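Chemist: Take this structure, written in structure tokens, and hold onto it; I'll ask about it next.
The values are calculated or read from the model by the stated rules, or taken from the named source; none is laboratory data. Please read these numbers as outputs of a predicted model, since none were measured by experiment. Ideal geometry is used to build each Cβ from the backbone, glycine not excepted, and the neighbour counts take in all protein chains shown.
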Amino acid sequence: MPEPGSANDPSTPDQEAPAATGDFGWPRPIWHPTSAEASGSQPETPSPWPPYPAAQRPYGEWSPQPVPQSPPMRGDQNWQQPANFAPAPYAPSPLGPQRQAGAPSRSRWSLLPIALIALLLGVTGGVAGSYLFNQGVNTDSVQPTAVRPVITASGPVAGGPGASPVVQVANKVLPSVVSIDVRGETAEVTGSGFVYDDNGHVVTNSHVIEPAAKGGQIRVSLSDGTRRSASIVGHSPSYDLAVIKLEDTSSLVPATLGESSSVQIGQSVVAIGSPLGLDATVTSGIISATRRPVTAGGEGETSYISALQTDAAINPGNSGGPLVDLDGFVIGVNSAIATVGGSSEQQAGNIGVGFSIPIDQVNRTVDEIIGTGEAAYPVIGAQVSVVTGFGGAKVQEVSADSPAEDAGIETGDLIREVEGEIVDDGVELIVSIRSFEPGDKVTLTVQRGREIERVDVVLGKKVG
């Protein structure tokens, strides 16, 4: 029974026997003994070639025999072919295919040129292949140095004094902004303001100086750190504006006033003031909305403002400070912030919804206060509901001898438009009316029952 793994094992796949190697490492052909050799008998005619030495035989056992005397070679005078001469059986040469009898043997020295040529070709090919491979690797791996793109932006960006327009705005406006500390009999308030002119007039909110309206102390801190006393010139709770005057008017830097009629939604703005008592604080944002109806109440009369809405951070203490554009022009006075829940006694922080009084309204009211010590606001002479849901401002009462009575407006009428612009409730009607001046004539759209008519009203005046 054949052993597992042997050449005769049927479970072993057919395999070619490994080729033995000779002196020069060439594959050696497999040799099979003849029948005579297998039986141990000698060939009938001795071979002129000496047998393999036992150490070089790939298979079988063969005892070495004495080397017979070679017959005389052709050309010898004693040469003659033996009568019983026959070719020797095939015995593979350890150096390759069978040689013909009498063929000269190949010496090692005859192979040397071939080996040297092969060696030279191998070295040359290896060097060339290595060079080409390295060139390919270098081409794939080495990339040209990337050029960093130039970053540009049209809005405020970080990165140095010249990178953001807010830097220039702050440098221009900060010398005109002041911090205001007010002490009254029952309250203390900190707010902001800005220098209005060279005469020492400072603009702020009415609710900032309100604790000292009937007696108190007002101290103003300038941008250079100096502190000066101030007195009240006048204030208008209806517009939440006030003017105070510094006793020392030296070295003042008035702010540059702009105009608010052309302000656009999305326009970049900067707010400057003293939130929570932190002097000279600068924040930036955009205009979120224009002509936003806002009511702001204090201890005095409720203020109705057609405001600029901004998401620039405004906190308690920012009141009275300027809202400026990116050219450093004042376009509004910060007045109020929206709050979310909480007690009315608690101060609320910024939630990104702040409101400023447009500078066009500020200029009219401030000039009037400086000139007369007081400010008047327009009225129609009627009480209206501030409840929403009517689709307009519902008239609750008409004053005698008022502009509303002269125009034929009656109790129960629904005022739906002012100069063609829709008003949804009484707050929007009041804010819209106060954007005009006393004596202006405005057209109102009034609904009475199912009838709608337009009436002209000449606005009256009330001080406050």
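Chemist: Given Gln383, Gln361, Gln447, Gln396, which one is under 28 Å from Val324 (Cβ atoms) and either in contact with a strand residue (DSSP E or B) (Cβ under 8 Å, 6 or more places away or on another chain) or of a type in the set (S, T, N, Q) (or both)?
Modeler: Gln361
Chemist: Of these, Asp181, Asp198, which one is part of a loop (DSSP other than H, G, I, E, B) and either modelled with pLDDT under 95 or of a type outside the set (Lys, Arg) (or both)?
Modeler: After ruling out the rest, the residue left standing is Asp198.
Chemist: Further question on the same structure: Checking the condition surrounded by 14 or more Cβ atoms within 10 Å (Cβ to Cβ), touching a Lys or Arg at 6+ places or on another chain (Cβ under 6 Å) and among the aliphatic types (A, V, I, L, M), which residue from Leu246, Leu252, Leu174 passes?
Modeler: Just one listed residue meets the conditions, Leu246.
Chemist: Pairs needed: first member in region 443-463, without any contact (Cβ under 8 Å) to a residue 12 or more places away in the chain; second member anywhere, among the hydrophobic types (A, V, I, L, M, F, W, C) and exposed (fewer than 12 other Cβ atoms within 10 Å of the Cβ); C-beta distance under 9 Å; at least 6 residues apart or different chains.
Modeler: none
Chemist: Please state which one of Thr226, Thr290, Thr295, Thr302 is of a type in the set (S, T, N, Q) and more than 28 Å from Glu428 (Cβ to Cβ).
Modeler: Thr226
Chemist: Can you give me the ranges of the strands (runs of 3 or more DSSP E) entirely in region 311-428 with at least 1 residues that are within 39 Å of the chain's Cα centre (by Cα)?
Modeler: Output list reads 322-325, 330-337, 354-358.
Chemist: Have a look at Ala187, Ala212 and point out the one that is modelled with pLDDT under 95, touching a strand residue (DSSP E or B) at 6+ places or on another chain (Cβ under 6 Å) and assigned by TED's automatic domain parsing to the domain that holds Ala296.
Modeler: Ala212
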